[in-house]
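To start, the structure itself, in structure tokens.
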Amino acid sequence: MTHGSSLDAQPTGTPLGDLRAGLGARLDPAARTWLDRALREAEANPGTHGPISVWELRLAEAGRRCGPDHADAARVLILDAARADTAALHRVYSQGTAAERRAVLHALAHLVAGPEALPLVEDALRTNDTRLVAAALGPYGARHLTPHAWRHAVLKCLFTEVPLSEVADLARRARGDTELARMLDDYAAERTAAGRPVPADLHHVLALTGAAPKESTADPHGKES
């Protein structure tokens, strides 16, 4: 189905033209033919038609047709070709598999200008699916999450071991955020007191806030010094 490295594994921040060209270069002929046909169908029949549109069926097929490494990118392209509006994105997200939900989250930055799709991001951040959490923190989430929600999402990444490299605009949003720095210091102190290692990513984002880390008064076994 596919060959080569998965440059298109992160479809959120890649311009759609580049995404399509990169994906086409990595698919084998049969998968490329399927994708071209799926995109033509979506362009010819956008929006909603009946209980389920043809392009929605193609979203379900993308993993099998294009392979798991490229399915996210294929689904984002299909959603764009179908000119999926916020209502359609909500429907696909609510009815779809985890993989289809992830593709919707990746597509938000390309398809929705305002905050009206933010409930999808907030829902994803409430799950324990780390791939959904990572997708929720792409450029769309970076633009529209409130400071409070964004800070808690960063902490959730630390709890669930989602690499903070997945968080779009991390440096910009963390810069000068004293409340985030306080939350990170508290979390680091809790980990230290419990005898658990502090994630390296925590030190990285704490440095981005511009705050100096506090020295813990607890030893690794939780006893006050």
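The values are calculated or read from the model by the stated rules, or taken from the named source; none is laboratory data. This structure is a prediction, so every number in the text was calculated from the model and none was measured. Here the Cβ is made from the backbone with ideal geometry for all residues, glycine too, and neighbour counts use every protein chain on show. To get the accessible areas, we keep the full protein, side chains included, count just its heavy atoms, and leave off ligands, DNA and RNA. Shrake-Rupley method; radii C 1.70, N 1.55, O 1.52, S 1.80 Å.
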Each residue of the range 83-96 in order: what ³J(HN,Hα) in whole Hz does its phi give by Karplus 6.51 cos²θ - 1.76 cosθ + 1.60, θ = phi - 60°, with x for Gly and Pro? 6, 4, 8, 4, 4, 5, 5, 4, 5, 4, 5, 6, 9, x
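Computing the accessible area with a 1.4 Å probe over protein heavy atoms, can you report the carbon and sulfur percentage for the chain?
On the way: 5890 of 11020 Å².
The value for the chain is 53 percent carbon and sulfur by accessible area.
Just the accessible area per residue of the range 27-144, please: how many Å² with a 1.4 Å probe?
Details: 4880 Å² over 118 residues.
About 41 Å² of surface per residue is accessible.
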Can you tell me the orientation of helix 16-26 relative to the chain, as the angle in degrees between its alpha-carbon axis and the longest Cα principal axis, to the nearest 10? 80 degrees
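Can you tell me the FRET efficiency between A87 and A44 if r is taken as the Cβ-Cβ distance and R0 is 30 Å, rounded to the nearest 0.05?
Details: r = 20 Å, r/R0 = 0.67.
The pair A87/A44 has a calculated efficiency of 0.90.
For the range 77-132, what mean projected area does the convex hull of the alpha carbons give, in nm²?
Working: hull surface 14.1 nm².
Spelled out: convex hull of the Cα atoms, projected over all directions, averaged, 3.5 nm².
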Taking a ≥ b ≥ c as the square roots of the Cα gyration tensor eigenvalues, with a/c under 1.5 meaning rounded and otherwise prolate when a/b beats b/c or oblate if not, the range 31-114 comes out rounded
